[in-house]
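> Take a look at the following structure, please.
The values are calculated or read from the model by the stated rules, or taken from the named source; none is laboratory data. Since the model is a prediction, treat every value here as computed from it, not as a measurement. Cβ placement follows ideal geometry from the backbone for every residue including glycine, while neighbour counts extend to all protein chains displayed.
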Amino acid sequence: MSVEELVVDEERAGERLDVLIAAICGSRSRAQRLIADGEVLVDGAPATKRTIPGAGQRITVRVTEPARDPRPLRSDAPPPVVRYEDEHLLVVDKPAGLVVHRGAGHDGPTLVDGLAGHLHAAAPPGGDPDRPGIVHRLDRDTSGLLLVARDDATHRALQDAIRERAVGREYLALVHGHPDARTGTIDAAIGRDRHVRTRQSLDTDTPRRAVTHFEIVEMPAATTLLRVRLETGRTHQIRVHLKAIGLPIVGDPEYGRGPAGEPQDDELGLTRQFLHAARLSFTHPVTGVEHVVESPLPDVLAAALEVARGAR
């Protein structure tokens with residue numbers, strides 16, 4: 001028997017227990033069997049199929065069956081652009097279009113595949129072989145900075161820092177329209193949409209508090225470039241919140257101003273949403289040194305911004 005542990009990060013809090021531990025167990029059906037057999041503990045107490053772990057809770061899985069072999073790494077994943085690196089952690093710059101880690105419905109190349117040469121731990125940092133070292137996530141079509149841990153202690157410390165809102169995460173977003181004020185805060189709970197399960201919205205049966213801060217950088221023509229800061233880290237949070245106040249992100253196929261799933265904003269030459277994780281600030285969990293890492297706008301976003309400026 002082996003024992004695996006997983007600390008629930010803020011982004012995955014509220015997910016079903018069998019979904020959370022499926023990667024450890026090999027499948028949801030195997031996870032459900034282990035839960036039923038009393039082999040899954042949440043903060044030391046036996047879990048049931050109705051247990052919904054919260055952020056910061058520790059899940060312990062006593063694996064009594066042979067663990068599955070991890071998925072072979074794909075050689076066609078692009079090598080990561082590393083903005084900062086030391087023996088404990090990395091900050092990488094994810095391109096738009098690349099999924100962070102393998103999940104349901106996706107078996108193509110991932111950021112994790114490209115990171116394989118940078119992680120040398122005997123066991124996957126964080127306890128999840130499909131998400132080794134991943135501390136937080138970005139949507140497939142959002143580019144920018146991500147923290148990656150190289151060992152379990154660093155992974156736990158960085159997840160704690162995110163949960164305690166001690167990691168600064170700033171984005172640049174070009175939106176349609178203009179805000180009513182130069183700065184603002186959106187404090188509105190979001191969750192899975194009642195009608196479209198692939199979307200998040202304010203119209204939900206599973207609301208979770210979400211807070212987004214924004215300020216105007218510039219206002220080219222009918223658009224606004226915003227600097228956006230996350231206080232919480234819910235799925236699609238920035239996209240949902242900006243849509244909710246009438247400022248949909250330019251190029252967003254799901255929450256943009258046109259029909260969901262349709263290409264948007266060809267006039268700017270975009271084939272992706274204009275959302276970029278541009279700045280990370282954090283205290284190094286081992287050295288205590290304050291770090292600020294920045295990522296420039298990708299060329300395609302910089303070009304689209306110039307087109308928007310020219311439309312004045």
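Every residue, every condition in (1) modelled with pLDDT of 95 or more; (2) surrounded by 15 or more Cβ atoms within 10 Å (Cβ to Cβ), yes or no:
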position	(1), (2)
R137	no, yes
A149	no, yes
R197	no, no
F214	yes, yes
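> Next question, about the same structure. I'd like the full set of residues that are more than 22 Å from R272 (Cβ to Cβ) and in contact (Cβ under 8 Å) with a residue 24 or more places away in the chain, limited to the range 192-218.
L202, T206, R208, A210, V211, H213, E215, I216
> Here is a further query. Out of everything in the range 150-184 that is part of a loop (DSSP other than H, G, I, E, B) and touching a residue at least 40 places away in the same chain (Cβ under 8 Å), what residue ends up being nearest to T212 (Cα to Cα)?
Filtering first and then ranking leaves R165.
> Answer yes if at least one residue in the range 243-253 is crowded, with 22+ Cβ neighbours inside 10 Å, more than 17 Å from the chain's Cα centre (by Cα) and either under 30 Å from D151 (Cβ atoms) or aromatic (F, W, Y) (or both), and no otherwise.
Checked the range 243-253: no residue is crowded, with 22+ Cβ neighbours inside 10 Å, more than 17 Å from the chain's Cα centre (by Cα) and either under 30 Å from D151 (Cβ atoms) or aromatic (F, W, Y) (or both).
> So A67 fits all but one of (1) modelled with pLDDT under 90; (2) surrounded by 17 or more Cβ atoms within 10 Å (Cβ to Cβ); (3) among the aliphatic types (A, V, I, L, M); what number is the exception?
In the conditions (1) modelled with pLDDT under 90; (2) surrounded by 17 or more Cβ atoms within 10 Å (Cβ to Cβ); (3) among the aliphatic types (A, V, I, L, M), A67 misses (2) alone.
> For the range 185-221: of the residues being of a type in the set (S, T, N, Q) and assigned to a strand (DSSP E or B), which is farthest from E267 (Cα to Cα)?
T204
> Next up: Does R272 meet the test of being within 23 Å of the chain's Cα centre (by Cα) and at pLDDT below 95?
Criteria met by R272.
> A follow-up question, please. Return yes or no: is E87 closer than 26 Å to T110 by Cα and modelled with pLDDT of 85 or more?
yes
> Pick out the one residue from T232, T224, T271 that is surrounded by 13 or more Cβ atoms within 10 Å (Cβ to Cβ), part of a loop (DSSP other than H, G, I, E, B) and in contact with a Pro (Cβ under 9 Å, 6 or more places away or on another chain).
The unique qualifying residue is T271.
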